[in-house]
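Worksheet: one structure, shown below.
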Amino acid sequence: MRRSMLFLPGNSPNMLLNANILGSDSVILDLEDAVAPTEKDSARILVRNAIQSLGYTKEVIVRMNPIDSPYWEKDLDTIVPVEPDMIMPTKVSGAKDIQIIAEYITKLETELGLEVGKIKLIPLIETALGVERAFEIASADPRVTCIFLGGEDFTADMRCVRTKPGNEIFYARSRMVVAARAAGVDVMDTPWTDVEDIEGLIEDTKLAKSLGFSGKASISPRHVAAINEVFSPTEAEIQYAKDVMDTIEKAKAEGKGVVSLRGKMIDAPIVNRARQVLEMAEAIKGGR
């Protein structure tokens with residue numbers, strides 16, 4: 001279940017310590033943008049120790065530095081031994097980037113005697129080239145289980161201004177969702193960057209959900225509750241899903257091939273959607 005992902009600076013002991021109580025489904029421990037070059041080494045050690053000793057109950061993702069930087073191998077050398085759930089490669093522009101990282105992780109897992117393939121990847125796509133190659137990236141390696149749009153860097157690469165209405169990233173959002181669904185992986189939306197504008201956050205999150213995103217990332221703990229609420233099924237949706245499954249079971253018992261509920265024919269897409277709603281409701285009820 002990935003409704004919400006919360007970025008936490010890898011060089012902030014207080015934020016790392018409080019990760020379990022901030023409400024997000026996943027936490028992203030950041031070694032890239034949030035950490036100055038002079039603090040990269042200490043941040044790696046801090047994040048490694050936090051994963052090792054704090055007993056996180058959330059999905060743990062570590063955002064690494066890009067492969068054209070001098071830091072990425074050290075990031076993986078330090079972090080892979082403590083087996084986070086996922087690694088987030090940054091500035092991903094194509095399948096080759098993912099394959100290089102996946103091969104390096106496999107080498108480390110093999111040398112350390114760890115389960116090969118256990119650590120998954122969530123590529124951060126934040127360039128025009130990356131968006132155009134989104135399906136290639138999403139299907140580059142079995143480790144990839146989710147892709148993620150970075151709106152701020154994408155608009156910078158596009159030489160346009162990021163706005164609250166978000167018209168300038170509509171194509172990128174749509175392209176990302178289609179690519180992810182075609183590849184059979186999840187897809188996370190870019191954060192809302194105005195910490196104070198909760199109403200705007202809610203509208204932007206509703207738009208992301210309507211486009212087919214699995215969830216949304218956040219740069220502020222204040223945004224997590226609203227994101228979780230928007231991406232959670234309502235009581236009415238849960239009840240309808242139960243009614244759909246009950247109707248299907250009853251039809252099977254009676255030998256009926258065609259059934260309807262509340263005046264609407266129940267076909268395979270409706271049944272699949274009902275299953276998804278009930279699975280999400282159960283996942284939310286059960287925690288991680």
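Taken together, the values in this text are just the output of simple stated rules run on the coordinates, not laboratory data. Quantities reported herein were computed from a predicted structural model and do not represent experimental measurements. Quick reminder, even Gly has a Cβ in these numbers, built from the backbone with ideal geometry, and neighbours come from all protein chains shown.
Extension gain, N272-N167: 0.36 nm per intervening residue step, less the Cα-Cα distance, totals 34.7 nm. Using a cutoff of 8 angstrom between alpha carbon atoms and counting only pairs six or more residues apart, the relative contact order for the chain works out to 16 percent. Just to confirm the filter: which trypsin sites (Lys or Arg not before Pro) across segment 94-158 are DSSP coil and have at most 13 other Cβ within 10 angstrom of their Cβ? Within segment 94-158, the qualifying trypsin sites (Lys or Arg not before Pro) (loop, at most 13 other Cβ atoms within 10 Å) are K118. Sorted fewest first by neighbouring Cβ atoms within 10 angstrom, S12, S214 come out as S12, S214. Potential lengthening of the chain between E237 and I21 amounts to 75.0 nm, from the contour at 0.36 nm per residue minus the alpha-carbon distance.
In segment 1-91, which trypsin sites (Lys or Arg not before Pro) fall in coil by DSSP and have 14 or fewer other Cβ atoms within 10 Å? The qualifying sites: there are none. Only DSSP H runs of four or more residues enter the estimate; each adds -39500 (n - 2.57), and after division by the residues of the chain the mean residue ellipticity at 222 nm equals -14500 deg cm²/dmol. Normalised radius of gyration for segment 4-230, please: alpha carbon Rg relative to 2.2 N^0.38 Å, two decimal places. Dividing the Cα Rg of segment 4-230 by 2.2 N^0.38 Å gives 0.95.
The Cα center of segment 240-288 and the Cα center of segment 93-161 differ in position by 35 Å. Applying D = kT/(6 pi eta Rh) to segment 1-88, where Rh is the Kirkwood radius over alpha-carbon pairs, T corresponds to 4 °C and eta to 1.567 mPa s, the Stokes-Einstein value obtained is 102 µm²/s. Applying the criteria of a DSSP loop state and at most 15 other Cβ atoms within 10 Å to the GluC sites (Glu not before Pro) of segment 76-120 yields E115.
Comparing segment 235-286 with the 2.2 N^0.38 Å rule of thumb, its C-alpha radius of gyration ratio is 1.16 (two decimals). Size descriptors for segment 135-211 (Cα atoms only): Rg and Dmax, in that order, 13.1, 38 Å.
Panel order for S139, S218, by other beta carbons found within 10 Å of each beta carbon, from fewest to most: S139, S218. In the structure shown, do any of K40/K209; K250/K285; K91/K164; K74/K285; K91/K285 have a Cα-Cα gap over 28 Å, and if so which? In this structure, K40/K209; K74/K285; K91/K285 lie more than 28 Å apart at Cα.
Remark: relative contact order (segment 1-90) = 28 percent; criterion is Cα-Cα distance under 8 angstrom and separation of 6 or more residues. Mean sequence separation of contacting Cα pairs (under 8 Å, at least six apart), scaled by the length of segment 102-205, corresponds to a relative contact order of 26 percent.
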